[in-house]
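Chemist: Got a structure for you, questions after.
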Amino acid sequence: MRVFTAMPQRHWHEVAPAAVAAEAAGFDALMTVELGHDPLAPLAVAALATRRAELTPSVVVAFPRSPTVLAQQAWDIHANSGGRLVLGLGSQVKGHNERRFGIGWTAPAPRMRDYVGALRAVWRAWETRGRLDFDSPHYRLSLMTPDFSPEPTGLAMVPVTVAAVGEAMLRVAGQVGDGVRLHPLCSRAYLEQVCLPQMVEGMRRSGRSRLNFDVHGGGFVCTGPDQATVAAEMEKARRRIGFYGSTRTYLPILAMHGLEELGARLHRMSVAGQWDRMAAEVPDDAVRIFAACGTYDELAAVIERRFGGVADSIDIRFPAGIAPGLAAELVRDIQRIPHTFAGFNTDW
């Protein structure tokens, strides 16, 4: 199993040392998220500090960004890292698109399919020096002059992975994506019973192979040297489960485990602005549904039990103060867990 870890994003001067340490520990990928800070700039810093590790935002919110603008940002990081970028895309929910980003909302799955196609059309025009001609219901691109085209890289195309929760987006991920980024609020049951069948159906529609499709996540990992640290990490996961569970988009996942009332209660609290009280509503049993929890001695076993056979990669951030040698040993233990993904197929 491949192992990702998160990079600092608030203070850029922290990125290079963290990236070097993570690569030395053997992590397969260095990851950023789009929350309070830009997810792409730290990857540019990490690109210059490392030589091997994959670089990936998980995820960039797609629709507020022009496909051509994001194509250029991804192109430069990919070129300057020697072809190590994997671009994770997410749609975000309707409320955030309309009220945080100020853009119109349309059905997200068809729009994401067009967005990925637009990115690849731009990249192909740049790499081959061919004509840009992409016409879809959501994006029409037909102008790309030499002065606005970067130099060809000679590298494989940037792999694109798609964040997905609902069935339609899961099918789109399988149909046009090189992988999927499953939401942290995802149980093993939801992954097995909903996610994988829909993604496989998407792959069937486009003739893609599961061997070239990276299933990342979904769920949390709560670990540490002792039970007290594991409990503290579970509290962090509990807060995030409370936050995510308040969004009605994720209600089907909660419903699969009989947690509909919890979801409804969390949503009412979000409307009332009671964000600081949500975590207390999430019981330990719910945390364990969505998280692999165990001490360092138990870590590989609990991850294999939670993710083995269904996910190809997970992300983990060890508590502060872990010895570099121990981190490397734990990463190697997780990497021994078998997985299906054999590598991206991103030929032009």
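The values are calculated or read from the model by the stated rules, or taken from the named source; none is laboratory data. Predicted model, so just to flag it, every value in this text is computed and none were measured. When we count neighbours, we look across all protein chains shown, and the Cβ atoms used for this are built from the backbone with ideal geometry, even at glycine.
Chemist: Mind checking which residues of segment 83-142 are crowded, with 22+ Cβ neighbours inside 10 Å and either among the hydroxyl-bearing types (S, T, Y) or modelled with pLDDT under 95 (or both)?
Modeler: Selection gives S91, Y115.
Chemist: Okay, next question. Name the single residue, out of those in segment 17-67 being of a type in the set (S, T, N, Q) and surrounded by 18 or more Cβ atoms within 10 Å (Cβ to Cβ), that is farthest from F4 (Cα to Cα). Give the steps one after another, and end with the answer.
Modeler: Looking only at segment 17-67, we keep the residues that are of a type in the set (S, T, N, Q), and these are 32, 50, 56, 58, 66.
Those left that are additionally surrounded by 18 or more Cβ atoms within 10 Å (Cβ to Cβ): 32, 50, 56, 58.
Values: T32: 10, T50: 14, T56: 9, S58: 10 Å.
Among those residues, the one meeting the criterion is T50.
Chemist: Pull out all pairs, ordered by first then second residue, where Cβ-Cβ is under 8 Å, the residues are six or more apart or on different chains, the first lies in segment 335-348 and is under 15 Å from A173 (Cβ atoms) and touching a residue at least 12 places away in the same chain (Cβ under 8 Å), and the second is β-branched (V, I, T) and assigned to a loop (DSSP other than H, G, I, E, B).
Modeler: That search, which allows pairs on different chains as well, returns F344/V86.
Chemist: Moving on. Test Q175 against the criterion of being in contact (Cβ under 8 Å) with a residue 40 or more places away in the chain, polar (S, T, N, Q) and either part of a helix (DSSP H, G or I) or in contact with a helix residue (DSSP H, G or I) (Cβ under 7 Å, 6 or more places away or on another chain) (or both), and give yes or no.
Modeler: Numbers: in contact (Cβ under 8 Å) with a residue 40 or more places away in the chain: yes; polar (S, T, N, Q): yes; either part of a helix (DSSP H, G or I) or in contact with a helix residue (DSSP H, G or I) (Cβ under 7 Å, 6 or more places away or on another chain) (or both): yes.
The answer is yes for Q175.
Chemist: While we're on this one: Assess whether F4 counts as being buried (at least 21 other Cβ atoms within 10 Å of the Cβ) and part of a loop (DSSP other than H, G, I, E, B). First the steps, then the outcome.
Modeler: Working: buried (at least 21 other Cβ atoms within 10 Å of the Cβ): yes; part of a loop (DSSP other than H, G, I, E, B): no.
In short, no.
Chemist: Considering (1) surrounded by fewer than 16 Cβ atoms within 10 Å (Cβ to Cβ); (2) closer than 20 Å to C293 by Cα; (3) in contact with a Gly (Cβ under 8 Å, 6 or more places away or on another chain); (4) among the small types (G, A, S), say which one A228 fails and leave the rest.
Modeler: Unmet condition: (3).
Chemist: Scan segment 263-292 for residues that are out of contact with any helix residue (DSSP H, G or I) (no Cβ under 9 Å at 6 or more places or on another chain) and either buried (at least 22 other Cβ atoms within 10 Å of the Cβ) or not charged (D, E, K, R) (or both) and jot them down.
Modeler: If the condition is that a residue be out of contact with any helix residue (DSSP H, G or I) (no Cβ under 9 Å at 6 or more places or on another chain) and either buried (at least 22 other Cβ atoms within 10 Å of the Cβ) or not charged (D, E, K, R) (or both), then V271, A272, G273 are the ones that fit.
Chemist: Of all residues in segment 19-48, which are closer than 14 Å to D76 by Cα, outside any loop (DSSP other than H, G, I, E, B) and of a type in the set (A, V, I, L, M)?
Modeler: Just the residues of segment 19-48 that are closer than 14 Å to D76 by Cα, to begin with: 40-48.
From what's left, outside any loop (DSSP other than H, G, I, E, B): 41-48.
Passing the criteria: A41, L43, A44, V45, A46, A47, L48.
Chemist: When segment 170-183 is examined, which residues are found to be over 15 Å from V310 (Cα atoms) and either among the charged types (D, E, K, R) or surrounded by fewer than 24 Cβ atoms within 10 Å (Cβ to Cβ) (or both)? I'd like the intermediate steps shown before the answer.
Modeler: Pass one, segment 170-183, residues over 15 Å from V310 (Cα atoms): 171-173, 175-178.
Hits for segment 170-183 are R171, Q175, V176, D178.
Chemist: When only residues in segment 314-328 that are exposed (fewer than 14 other Cβ atoms within 10 Å of the Cβ) and either in contact with a strand residue (DSSP E or B) (Cβ under 9 Å, 6 or more places away or on another chain) or not hydrophobic (A, V, I, L, M, F, W, C) (or both) count, which is farthest from R2 (Cα to Cα)?
Modeler: Restricting to residues being exposed (fewer than 14 other Cβ atoms within 10 Å of the Cβ) and either in contact with a strand residue (DSSP E or B) (Cβ under 9 Å, 6 or more places away or on another chain) or not hydrophobic (A, V, I, L, M, F, W, C) (or both), the top hit is G321.
Chemist: When you go through R238, R204 one by one, which is the residue that is among the basic types (K, R) and under 23 Å from R305 (Cα atoms)?
Modeler: Details: R204 fails: under 23 Å from R305 (Cα atoms).
Being among the basic types (K, R) and under 23 Å from R305 (Cα atoms) holds for just one of R238, R204, which is R238.
Chemist: Of all residues in segment 143-155, how many are aliphatic (A, V, I, L, M) and either closer than 30 Å to C195 by Cα or buried (at least 17 other Cβ atoms within 10 Å of the Cβ) (or both)?
Modeler: Of all residues in segment 143-155, those aliphatic (A, V, I, L, M) come to 143-144, 155.
Filter once more, so that each one left must be either closer than 30 Å to C195 by Cα or buried (at least 17 other Cβ atoms within 10 Å of the Cβ) (or both): 144, 155.
Adding up the residues that qualify gives 2.
Chemist: Give segment 156-167 a look and list any residue that's touching a residue at least 60 places away in the same chain (Cβ under 8 Å) and either within 23 Å of G83 (Cα to Cα) or surrounded by fewer than 21 Cβ atoms within 10 Å (Cβ to Cβ) (or both), or say none.
Modeler: A156, M157, V158, P159, V160, T161, V162, A163, G166
Chemist: Within segment 117-155, count every residue that is free of Cβ contacts under 8 Å to residues at least 60 places away in the same chain and part of a helix (DSSP H, G or I).
Modeler: 12
Chemist: Okay, next question. As an exercise: evaluate T56 against (1) within 20 Å of E329 (Cα to Cα); (2) touching a residue at least 40 places away in the same chain (Cβ under 8 Å); (3) outside any loop (DSSP other than H, G, I, E, B); (4) not charged (D, E, K, R) and give the number of the one condition it does not meet.
Modeler: Failing condition for T56: (1).
Chemist: Where in segment 250-313 are there helices (runs of 4 or more DSSP H), lying fully within it, with 1 or more residues that are of a type in the set (K, R) and either under 17 Å from V3 (Cα atoms) or modelled with pLDDT of 95 or more (or both)? Quick ask: steps written out before the conclusion?
Modeler: On the way: elements: 251-256, 260-271, 284-290, 299-307.
Where helices (runs of 4 or more DSSP H) fall fully within segment 250-313 and carry at least 1 residues being of a type in the set (K, R) and either under 17 Å from V3 (Cα atoms) or modelled with pLDDT of 95 or more (or both), they are 260-271, 284-290, 299-307.
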